[in-house]
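The values are calculated or read from the model by the stated rules, or taken from the named source; none is laboratory data. No experiment lies behind these values; they were computed from the predicted model shown. Cβ sites come from the backbone with ideal geometry, for glycine too, and all protein chains shown count toward neighbours.
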Amino acid sequence: MAIAISLGVVGYMATQILAMSIVLKDLLNQTEYFADLSLAACMVFSCSILVFYSVTGGIIASVYTDLVQGGIMIVAAFLIFLTAISVYDGGISEVSTIIYNDDPEAIGPWGTMGMIGCLSWFFVFCLGGAGQPHVITKMMMNKKISDARNILPVSLIGYAFTALLWISIGLVMRALVLDQSFPELTTADAAASQFLQNYAHPILAGVVFAGLFAAIMSTADAFLNIGTAAIMYDIPATLGKVVNNQLLWARITTVLITVVAAFFALYSGDLVAILGVFGWGTFAAAIVPTVAIGFNWKRATPMAANVAIISSLLINMGFKLLGLKLPYNIDTGAFSLFLSLILFLSISMLSKPVQLKKEIEATIDF
């Protein structure tokens, strides 16, 4: 699990670094002195800020930032949605018509990926939510376990509002480019920053950009802390080793993870969203069976957990490194999650039950 988390952190950290660098570059391109700043230079600056933030603030910084930026983004997302639908006199209906006339599938229920591809993303994102280590870690930080019952409704409300951001901006910017009201974008990742700079009120755009950077830093901080803990504590503890000067080496490890993730982001050639799906799928396939199910099922066995984790890593990393694609646009993370679930459940059922310690059994009962 520690190895799976370490590899998943690199993929997800790459998403955060790339997103922050692209938005920063797009903003600085509008200035006189930094108009020609490269993406690599923006990445160096972004990584420096992230490392400083994570090393000095720890996981607590992520929690407080989540609270503040979450509230800001809920309000800002609703205002941006109203701004987006007012760009065209006909609102979303006119936007849909423009996109439909260019490509009916692009505005259809399954999008351009088709039904199977779309459902595979639905599968990995819905079920995979239970396998994200930064979410699990923060759930375990609650002072009262009863607080967990309030997390679902709050999350649903926040997610519903923030989802308005990418739904509205994505569709409207596509329509603006198609009817030649806006120049063609150099990359799809530039859609949000270009819309905010050209169509949103400057104050609202500034608030959204601030919230965006806060969200990126908060998520990156959580991943860096989790990845560092896996490398510095979990792996050595499993091998019966104790690392001296843990704080110093933890900070060095934080820097190394950031550097590796930055190179991965720079040379992967993927869009921000695709990198995010890779990281999400890596975590989901490894953690959903072993944690979400394994921590609540007495029949689960260590062998089943190891097989599920190893198989999911081989599929996710192998397909990524070899550039392989599944038919019907099926997401690799969804496929590896499905396979790891089958292996975990079947091996556990076919294996001899493991005698649990009393405290472990009591925890599962609780």
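Just a few scattered comments:
- Selection from the stretch 138-182 of residues that are within 30 Å of Glu94 (Cα to Cα), without any contact (Cβ under 8 Å) to a residue 12 or more places away in the chain and not in a helix (DSSP H, G or I): Gln180, Ser181
- In the stretch 230-254, the residues that are outside any helix (DSSP H, G or I) and either surrounded by 14 or more Cβ atoms within 10 Å (Cβ to Cβ) or hydroxyl-bearing (Ser, Thr, Tyr) (or both): Val243
- Among the residues examined, Phe81 qualifies as surrounded by 14 or more Cβ atoms within 10 Å (Cβ to Cβ), of a type in the set (Phe, Trp, Tyr) and assigned to a helix (DSSP H, G or I).
- Residue within the stretch 288-303 that is closer than 30 Å to Thr112 by Cβ, crowded, with 22+ Cβ neighbours inside 10 Å and aliphatic (A, V, I, L, M) present: yes
- With respect to (1) in a helix (DSSP H, G or I); (2) within 18 Å of Lys325 (Cβ to Cβ), the lone exception for Val288 is condition (2).
- Any hit, the stretch 185-194, residues being among the acidic types (Asp, Glu) and either at pLDDT 90 or above or more than 17 Å from Asp26 (Cβ to Cβ) (or both): no
- Where Ala230 falls short, out of the listed (1) touching a Pro at 6+ places or on another chain (Cβ under 6 Å); (2) over 26 Å from Val68 (Cβ atoms): (1)
- Selection status of Gly281, crowded, with 20+ Cβ neighbours inside 10 Å, at pLDDT below 95, touching an Asp or Glu at 6+ places or on another chain (Cβ under 8 Å) and assigned to a helix (DSSP H, G or I): yes
- Pair list, Cβ < 8 Å and 6+ apart or interchain, from the stretch 336-347 residues that are closer than 11 Å to Met303 by Cβ to residues that are assigned to a helix (DSSP H, G or I) and of a type in the set (S, T, N, Q): Leu343/Ser311; Phe344/Thr290
- Per this entry, Ala261 is counted among residues that are surrounded by 22 or more Cβ atoms within 10 Å (Cβ to Cβ) and in contact (Cβ under 8 Å) with a residue 24 or more places away in the chain.
- Residues of the stretch 92-106 that are of a type outside the set (A, V, I, L, M, F, W, C) and more than 13 Å from Gly170 (Cα to Cα): Ser93, Glu94, Thr97, Tyr100, Asn101, Asp102, Asp103, Pro104, Glu105.
- Single residue of the stretch 86-100 satisfying the filter (of a type in the set (S, T, N, Q) and free of Cβ contacts under 8 Å to residues at least 24 places away in the same chain) that is farthest from Ala200 (Cα to Cα): Thr97
- Selected residue (criterion: surrounded by the fewest Cβ atoms within 10 Å (Cβ to Cβ)) from residues of the stretch 122-167 that are among the β-branched types (Val, Ile, Thr) and within 22 Å of Thr282 (Cβ to Cβ): Val135
- Considered as a group, the residues in the stretch 96-134 that are in a loop (DSSP other than H, G, I, E, B) and of a type outside the set (Asp, Glu) include one that is nearest to Ala2 (Cα to Cα), and that residue is Gln132.
- Per-region count, the stretch 192-207, residues of a type in the set (Val, Ile, Thr) and within 23 Å of the chain's Cα centre (by Cα): 1
- Residue-level check: of (1) of a type outside the set (Val, Ile, Thr); (2) under 28 Å from Gly8 (Cβ atoms); (3) at pLDDT below 85, Gly131 misses just (3).
- Candidate set from the stretch 186-229 (those that are assigned to a loop (DSSP other than H, G, I, E, B) and either in contact with a helix residue (DSSP H, G or I) (Cβ under 6 Å, 6 or more places away or on another chain) or touching a residue at least 40 places away in the same chain (Cβ under 8 Å) (or both)); member that is surrounded by the fewest Cβ atoms within 10 Å (Cβ to Cβ): Thr187
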